[in-house]
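First up is the structure itself, then whatever we jot down about it.
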Amino acid sequence: MTPDEIEELKQLVEFLKDNGIGEFDFERADTKIRIKFGQGAPAVALPAALPWVPSVAAAAAISQAPAAAPAPAAEADDEKNLHIVKSPIVGTFYESSSPGSPAFVKVGDEVENGQVLCIVEAMKLMNEIESDGAGEVVKRLVTNGQPVEYGQPLFALRLR
């Protein structure tokens, strides 16, 4: 990318943030851009053209997850006390060692420190992801076969 294109991209990101747009796809010739922020406000339509991104209205697909209803205070406090197990690598999440096998853990299971929770496949290597705490599995935050990023939350545990 040229310095001008990088500047245009920075302006686009600021525009998206300022207008509460959570997801943006753009494709032009040999350039493809996908920007996705955390959950935010409802979808916002872009103007017919933005001066720094030619024909963006025709090439953009904008979507936004609906805003979640505010959680009760007790539930919010409970969520703050959960321990999040994050992916240490980029790869594909698998809940079991092979298709048809039972999942390593499911919601409601008690796990020990060092217990295998899942597998993340990276470059044809199956990496066992172990719990870094002992407690109850409260949530599984990804689906089987889903690509995961470094640091992405996989499980929420209520530690003992």
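Subtracting the Cα-Cα distance of K106 and R34 from 0.36 nm times their residue separation leaves 22.7 nm of extension gain.
The mean sequence separation of alpha-carbon pairs under 8 Å and at least six residues apart, normalised by the residue count of the stretch 73-159, gives a relative contact order of 39 percent. Of all lysines in the structure, those lying under 26 Å Cα to Cα from K32, and not within fewer than 8 positions of it along the same chain, are K10, K17.
Read-outs: derived from the displayed coordinates by stated rules, not from any lab. Treat the numbers as computed from the prediction; the structure is a model and nothing was measured.
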